[in-house]
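> Sharing a structure here in structure tokens format.
The values are calculated or read from the model by the stated rules, or taken from the named source; none is laboratory data. Keep in mind that this is a model prediction, so the values were computed, not measured. Here the Cβ positions follow ideal geometry from the backbone for every residue, glycine too, while neighbour counts run over all protein chains shown. Each accessible area value is taken on the protein alone, full model and side chains, heavy atoms only, with ligands, DNA and RNA left out. Shrake-Rupley method; radii C 1.70, N 1.55, O 1.52, S 1.80 Å.
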Amino acid sequence: MKSTALSNTHIALGAKMVPFAGYNMPVSYEGVNVEHETVRKAVGVFDVSHMGEFLIEGPNALELIQKVTSNDAAKLTVGKAQYGYLPNEIGGVVDDLIVYRVKEETYLLVVNASNIEKDWNHISKYNEVIGAVMKNISEDYSLLAIQGPKAVEAMQSLSSIDLSEIKFYNFVVADFAGIEHVIISATGYTGSGGFEIYCKNDEVKQVWDKVLEAGSDFGIKPIGLAARDTLRLEMGYCLYGNDIDDTTSPFAAGLGWVTKFTKDFVNSEALAKEKEEGPSKKLIAFQLDEKGIPRQGYAIVDANGTEIGSVTSGTMSPSLSQGIGLGYVTIENAKVDSKVFIQIRKNQVPATVVKLPFYKK
């Protein structure tokens, strides 16, 4: 099992460590509810250094990215980032990712930890013809997510640039926490604002310590992966391996907004046809009408008890104190305000299909 550069720091802080995507990661420190609330109301810091980073460089870099990703990277200018996914050849999703344009001919791809090798092999296959320069820098870089409404104010003393001027899905390469060149990106997977900081492994301990020091007056706390999951689920953000995978239709998953047919990309012809015909099922968000906690794999049934789908992600929402979840159901049961039932052990618990996000600021 791999460790991040901060593993011993988390252990010293009393974190509960668990194996996740091949890494020894902190799942919680004080408990999921406390940590969740810290991010929603103040500011928290996550170590997400297990994520993968690829550099795609050279005159053919854009051509490769356009071929393997769903979104239109030609629209990216230096300092902007873009969410998208890697389509596979059979109508599913290899991974979802963020593409950063770092320089004119340099792009950074940030991918999920569990998919690093799979993504690298998939992109490399298409690069054999295109010939861009590819570097897997996942083992050399660390990533901290500083998230919450007080993130800008709490971190401003650590940088000479005005953090409030970095717009959502934009980034700068600047000084931060005494390190000269780090990526400060206005991205994150919590829905509460903040930044993601990319730095080298030998720099991250200094950054982590200074972040906690600068944020101490603002109630900053280290946050584990359990709260990261409840935070992303309250926003309805997909988690690879739960809500999307190699067999998932991007249109069923609600990823049509990052599928751009302004270019030719992997499986684009078949996906264009699917868009026209419409998928047979759809990812819904639901809230339980009664007590209960929906879990991944639970059946979703209709009023007659007929199975119409299954839960892909579910939890007790710390913000709403209500069971919430995502799951795929047949199109006719996917409309907002539809009534469905979640099979929790022997009980069919009523639920309502709702519009995302669950958590409204």
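> Can you tell me which residue in the range 89-123 is nearest to A272 (Cα to Cα), limited to those that are without any contact (Cβ under 8 Å) to a residue 40 or more places away in the chain and either open to solvent by less than 10 Å² (accessible area, probe 1.4 Å) or in a loop (DSSP other than H, G, I, E, B) (or both)?
For the range 89-123, the residue satisfying everything is L97.
> Let me confirm something: among K335, K281, which residue is basic (K, R), in contact with a helix residue (DSSP H, G or I) (Cβ under 8 Å, 6 or more places away or on another chain) and at pLDDT 95 or above?
K281
> Looking only at the range 267-293, which residues are over 25 Å from I342 (Cβ atoms) and outside any loop (DSSP other than H, G, I, E, B)?
S268, E269, A270, L271, A272, K273, E274, K275, E276, E277
> Residues being closer than 28 Å to A145 by Cα and surrounded by fewer than 16 Cβ atoms within 10 Å (Cβ to Cβ): count how many of those fall in the range 257-274. Even if it seems obvious, please write down each step before you answer.
As a first pass, look at the range 257-274 and keep what is closer than 28 Å to A145 by Cα: 257-259.
Checking which are surrounded by fewer than 16 Cβ atoms within 10 Å (Cβ to Cβ) leaves us with 257.
Here the count works out to 1.
> For the range 1-42: of the residues being in a loop (DSSP other than H, G, I, E, B) and closer than 30 Å to K360 by Cβ, which is most open to solvent (accessible area, probe 1.4 Å)?
Looking at residues that are in a loop (DSSP other than H, G, I, E, B) and closer than 30 Å to K360 by Cβ, I get E30.
> Only one of these conditions is not met by V173: (1) in a helix (DSSP H, G or I); (2) open to solvent by 70 Å² or more (accessible area, probe 1.4 Å); (3) not hydroxyl-bearing (S, T, Y). Which number is it?
Every condition holds for V173 apart from (1).
> Looking at the range 250-266, is at least one residue under 25 Å from the mean Cα position of the chain (by Cα), of a type in the set (A, V, I, L, M, F, W, C) and part of a strand (DSSP E or B)?
no
> Kindly evaluate S159 against the criterion of being open to solvent by less than 50 Å² (accessible area, probe 1.4 Å), of a type in the set (S, T, N, Q), over 30 Å from L64 (Cα atoms) and modelled with pLDDT of 95 or more.
yes
> On to the next question. Any residue that is on the phi < 0 side of the Ramachandran plot, at pLDDT 95 or above and open to solvent by 50 Å² or more (accessible area, probe 1.4 Å) - is there at least one of those in the range 43-52?
Within the range 43-52, not a single residue is on the phi < 0 side of the Ramachandran plot, at pLDDT 95 or above and open to solvent by 50 Å² or more (accessible area, probe 1.4 Å).
> If you don't mind, there's one more thing I want to ask. If you take the residues in the range 280-310 that are within 11 Å of L326 (Cβ to Cβ) and without any contact (Cβ under 8 Å) to a residue 40 or more places away in the chain, which one is surrounded by the most Cβ atoms within 10 Å (Cβ to Cβ)?
Ranking the qualifying residues of the range 280-310, first place goes to G309.
> Follow-up. In a loop (DSSP other than H, G, I, E, B), open to solvent by 30 Å² or more (accessible area, probe 1.4 Å) and farther than 28 Å from G191 by Cα: is that true of D337 in this structure?
For D337, the condition - in a loop (DSSP other than H, G, I, E, B), open to solvent by 30 Å² or more (accessible area, probe 1.4 Å) and farther than 28 Å from G191 by Cα - is not met.
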